[in-house]
Amino acid sequence: MISAQTVRQIVESNPGLSEKFFIVDVKVSKDNDIVVKADTDAGITIDECGELSAAIEGSLDRDAEDYDLEVSSPGLSEPLRLPRQYRKNIGKDIDMEMPDGEKLHGKIAEAAGESFVLETAHTERQGGKKVTVTERNTYKYCDVKYVKLKITFK
């Protein structure tokens, strides 16, 4: 059976691929159905999924082991998993849930090695006037239940 690690190594050990793509997730079923979720810093296109699929397939020996391969984007409704995904989405609106069930909404203001900054805004009365107050709080990636991009239609 082909391992998820083998697929990751194909991408990560090839400079032409690893400079362009990053792997978000790889799943391999017991029937050798391989599902690769990949992205780029600019967002992955269908053509780029095809390019990555061909590169992975070119590094696997179908004669030695039969498999099915699917390469796609992580999808808008899936939670962010990697710091690189947070970095590429700085300035975008998110919905976030904490382990205790508290839900927060805001924008990713910064993202670094172990943590990211969530910027939230709310209205308060100050001196008889309504004022928008912006807060910035830092959260470790491992301390949140999930973070998803907020999908809005205009």
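Taking label points 7 Å from Cα along the Cα-to-Cβ direction, E78 and K148 give a separation of 1.4 nm.
Which shape class applies to the chain: rounded if a/c is under 1.5, otherwise prolate when a/b exceeds b/c and oblate if not, where a ≥ b ≥ c are the square roots of the Cα gyration tensor eigenvalues? Here the chain falls in the prolate category.
Give me the net charge for the shell around S72: Cβ to Cβ below 11 angstrom, other residues only, Lys and Arg +1, Asp and Glu -1. Taking every other residue near S72 into account, the sum is -4. Counting GluC sites (Glu not before Pro) as exposed when in a DSSP loop with at most 16 other beta carbons within 10 Å, what is the longest stretch of the chain free of them? Excluding the exposed sites themselves, the longest stretch runs over 20-64. The figure for D61 is an accessible area of roughly 90 square angstrom, using a 1.4 Å probe on the protein chains alone. Of M96, M1, the residue with the largest accessible area leads and the full order is M1, M96 (1.4 Å probe). Across region 139-154, computed HN-Hα scalar couplings (Karplus, 6.51 cos²θ - 1.76 cosθ + 1.60, θ = phi - 60°) run 10, 7, 3, 6, 9, 10, 6, 7, 9, 10, 5, 7, 9, 10, 10, 10 Hz from first to last residue, x flagging Gly and Pro.
The values are calculated or read from the model by the stated rules, or taken from the named source; none is laboratory data. Quantities reported herein were computed from a predicted structural model and do not represent experimental measurements. Here the Cβ is made from the backbone with ideal geometry for all residues, glycine too, and neighbour counts use every protein chain on show. Only protein heavy atoms, including side chains, enter the accessible area calculation; ligands, DNA and RNA are left aside. Shrake-Rupley method; radii C 1.70, N 1.55, O 1.52, S 1.80 Å.
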